[in-house]
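To start, the structure itself, in structure tokens.
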Amino acid sequence: MNYFHREETLNREEIAELQLQKLKRLVARCYEKVPYYREKFDAARLKPEYIQSLADITKIPFTTKDDLRYFYPDGLLAVPVEEVAHYHLTSGTTGTPVTIGYTQADWERSAQLMARILNCQGLRPGELLYQSYGYGLWAGGPIAEIGAKALGARVLPVGGGRTSVAIHWLKDFRVRAITCTPSFMVHLVETALKEGVDPKKEWVTLKLGIHGAETWSRGLRDKIEAALPDGFRAYNIYGMTEAGGPMAAANCPVSYEESYLHVWADAFLFEIVRPETGEPVEPGEEGELVMTTLDREAAPLLRFRTRDLSAFKENPYDCPCGRRGHPLIKHIVGRIDDIIKVRGTMVAPSRIEDIISRIPGVGEMWLFVIDKEEGKMDRLTIQFEATPEYWKNPEKKEALEKQVVQKVTDAIGLRVEVDVVPPDSLKRFEGKAKRVVDQRKKI
């Protein structure tokens, strides 16, 4: 196996000891340097010295996104503002943005963690990465770039969009790997085919897709890989701006098969809790992911509620890849905020996506529309494009409608309706895809 740093090969006991040392230092530092945390600790009658084991982390109050918004514009800092070398912000589309500061040491640590991911997934020094995550105030693009440089790889720093030229640059520059959202990867392939460029034949050097920033299913992964050169793998990465960027967890070549991700446990302490109570769940049981950053200087997080849904693997340690102490979590199945309740049934959009993306005849774009007529029950409609072959053939189109209804209804236990639309008729996304349209909120 090819490892970027020896911390990847520490065993479970060594990782646990390292985590405990870091957690004790972190708690003491937050209590001393951050009034917000001191007030929370005092309110809970908790002193730093009460944290003597990893299990004691459950004594610490949670931190939420609303808590972080309160500290806009400088952010929740544990260092003087003059020591902040970089800032990144969340989008602020659902309220006041969250500001995250980095010291220079934070920035360099982020680069090392990202380099670890890229190396783990197969990028090597001297190879070329097409960097297509957004730049600006979002952390994704800059962190991917500095990670590639820390690895010794070369970078084509394009950022988001530029689809019409990207389909040629991927061939002309002999690109080895690409970083982008999975929905943008689908959009790239679709655009290439429309313009007479066959990705299977013309992007022959492209072997790695490093995808994150949105929830996506194994079905969509398989769809992406089927359209690209033999040997191409679409890998998953996980992180968030609040925790420093998209470098907290990632597939390795072994865990990729079942869509599990290694947590970099020397830098992050992950918990999975019941969203309603905050109580820990057992391995294999789904719940809300809670994240503690063990190394961050400028903007440390204690027990941050991510709102993302995941689960530890039932046997999360001792992966055959050799990263024995870095536990495996299930790919993010959705966000608590995205789970939709329809006629009393909780529905994860990613579950539906996983089903329909595997059905022949379903095109490249789909939406889930929920509405409710006055006096009637909620209605869930799956709106999707048919491929040209199915759209032009009434019999195939009718059979496709029935198949989607049957498979989804059987899987989620809820009768759905379908609306098949022509190819290329639904909106495309170069950033995060927005799959759910809840029209009930407008009533």
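The values are calculated or read from the model by the stated rules, or taken from the named source; none is laboratory data. Here the structure is a predicted model, which is why all the values come from computation and not from measurement. Heads up, the Cβs are rebuilt from the backbone with ideal geometry, glycines too, and the neighbour counts pull from every protein chain shown. Accessible surface areas use protein heavy atoms only, side chains included; no ligands, DNA or RNA. Shrake-Rupley method; radii C 1.70, N 1.55, O 1.52, S 1.80 Å.
Can you bin every Cα-Cα distance in the range 311-407 into 10 Å intervals starting at zero and give me the percent of pairs per bin, rounded to whole numbers?
For the range 311-407, the binned pair fractions read 13, 32, 26, 19, 9, 1 percent.
Determine the share of the range 24-170's accessible area contributed by carbon and sulfur atoms, expressed in whole percent, with a 1.4 angstrom probe. Mind showing how you got there, number by number?
Numbers: 3520 of 6520 Å².
So the carbon and sulfur contribution to the accessible surface is 54 percent.
In nanometres, what is the gap between the two model label sites at HIS86 and GLU417, each 7 Å from Cα along Cα-to-Cβ?
With each label point 7 Å from Cα toward Cβ, the separation is 4.9 nm.
Using 30 Å as the Cα-Cα cut-off, could you pick out the over-long pairs in LYS194/LYS396; LYS194/LYS372; LYS171/LYS402; LYS22/LYS341; LYS313/LYS402?
Values: LYS194/LYS396 23 Å; LYS194/LYS372 37 Å; LYS171/LYS402 40 Å; LYS22/LYS341 40 Å; LYS313/LYS402 35 Å.
Violating the 30 Å Cα-Cα cut-off are LYS194/LYS372; LYS171/LYS402; LYS22/LYS341; LYS313/LYS402.
Might you report the magnitude of the Cβ-based charge dipole of the range 4-94 about its Cα centre, with Lys and Arg at +1 and Asp and Glu at -1, to the nearest 20 debye?
Working: 14 positive and 15 negative charges, 50 e Å.
Once rounded to the nearest 20, the dipole reads 240 debye.
Pick from GLY160, GLY136, GLY244: which is most flexible by mean-square fluctuation in a GNM of the chain where alpha carbon atoms under 10 Å apart are linked?
GLY136
Taking the Cα centre of the chain as origin and charging only Cβ (+1 Lys, Arg; -1 Asp, Glu), how large is the dipole, in debye to the nearest 20?
It comes to approximately 320 debye.
Please report, in Å, the Rg and the Dmax of the range 263-305, where both are computed over Cα atoms only.
For the range 263-305, the Cα radius of gyration and maximum Cα-Cα distance read 11.2, 34 Å.
Under the rule of at least 5 residues apart or a separate chain, name every residue whose amide H is placed under 5 Å from the amide H of ASN236.
Placed amide hydrogens put HIS211, ASN251 under 5 Å from ASN236.
Running a GNM on the chain with Cα contacts under 10 Å, which residue among GLU190, GLU82, GLU401 ends up with the highest mean-square fluctuation?
Ranking GLU190, GLU82, GLU401 by mean-square fluctuation puts GLU82 first.
Out of the total accessible area of the range 293-443 (probe 1.4 Å, heavy atoms of protein only), what percent is carbon and sulfur? Write down the numbers at each step before the final one.
Details: 3530 of 7430 Å².
Solvent-exposed carbon and sulfur of the range 293-443 make up 48 percent of the total.
Where does the chain land at 222 nm, in deg cm²/dmol rounded to the nearest 500, when only DSSP H runs of n ≥ 4 count, each adding -39500 (n - 2.57), divided by all residues? Spell out each step's value before the answer.
On the way: 12 runs with 133 residues, N = 443.
Rounded to the nearest 500, it is -9000 deg cm²/dmol.
With every protein chain left in place, what is the accessible area per residue of the chain in square angstrom, probe 1.4 Å? Numbers along the way, then the final one.
Numbers: 19320 Å² over 443 residues.
Per residue, the chain has 44 Å² of solvent-accessible surface.
Compute the separation of the alpha-carbon centres of the range 126-141 and the range 216-238 and state it in Å as a whole number.
19
Which percent of Cα-Cα pairs in the range 122-268 sits in each 10 Å bin, short to long?
12, 44, 37, 7, 0
Can you tell me what percent of all Cα-Cα pairs in the range 1-54 are more than 19 Å apart? Write out the running numbers ahead of the final one.
Values: 610 of 1431 pairs.
So the pairs more than 19 Å apart make up 43 percent of the total in the range 1-54.
In a Gaussian network model over the chain where Cα atoms closer than 10 Å are linked, find which of ALA249, ALA192, ALA399 has the largest mean-square fluctuation.
ALA399
Identify, among HIS331, VAL437, ALA85, the residue whose Cα sits farthest towards the positive end of the charge dipole of the chain, taking +1 on the Cβ of Lys and Arg and -1 on the Cβ of Asp and Glu, with the dipole about the Cα centre.
Of HIS331, VAL437, ALA85, it is VAL437.
How large is ³J(HN,Hα), in whole Hz, for each residue of the range 255-268 in order, when computed from phi with the Karplus curve 6.51 cos²θ - 1.76 cosθ + 1.60 and θ = phi - 60°, using x for Gly and Pro?
Calculated HN-Hα couplings, in order: 5, 3, 4, 9, 6, 9, 10, 6, 8, 6, 6, 7, 10, 9 Hz.
Could you give the dipole magnitude of the range 303-443 about its Cα centre, charging the beta-carbon of Lys and Arg +1 and that of Asp and Glu -1, in debye to the nearest 20? List each step's numbers first, then the result.
Numbers: 29 positive and 23 negative charges, 141 e Å.
About 680 debye.
When the convex hull of the C-alpha atoms of the chain is computed, what volume per residue in Å³ does it have?
Numbers: hull volume 66.0 nm³, N = 443.
Per residue, the Cα convex hull of the chain comes to 149 Å³.
Percent of accessible area on the range 245-287 owned by carbon and sulfur, 1.4 Å probe? Walk me through the numbers on the way to the answer.
Details: 680 of 1480 Å².
Roughly 46 percent of what the probe reaches on the range 245-287 is carbon or sulfur.
Net charge near GLU202: determine it from the other residues with C-beta under 13 Å of the C-beta of GLU202, scoring Lys and Arg +1 and Asp and Glu -1.
Values: positive: LYS171, ARG174, LYS200, LYS201; negative: ASP172, GLU195, ASP198.
So the surrounding residues net to +1.
Using Cα-Cα distances under 8 Å and only pairs 6 or more residues apart, what relative contact order does the range 339-404 have, in percent? Write out the running numbers ahead of the final one.
On the way: 65 pairs, mean separation 17.9, N = 66.
Result for the range 339-404 is 27 percent.
If you project the alpha carbons of the range 88-140 onto their three principal axes, what span does each projection cover, largest first, in Å?
Principal axes ranked by extent give 40, 25, 16 Å for the Cα atoms.
Starting from the 7 Å offset along Cα-to-Cβ, what nm value, one decimal, do you get for the label separation of PHE4 and LYS341?
About 4.1 nm, to one decimal.
Find the all-direction average of the projected area of the Cα convex hull for the range 1-114, expressing the result in square nanometres with one decimal place.
Numbers: hull surface 36.0 nm².
Mean projected area of the Cα convex hull: 9.0 nm².
Using modelled backbone amide H atoms (1.01 Å from N, in-plane), which distant-in-sequence or interchain residues come within less than 5 Å of VAL436's amide H?
Long-range HN contacts for VAL436: PHE368.
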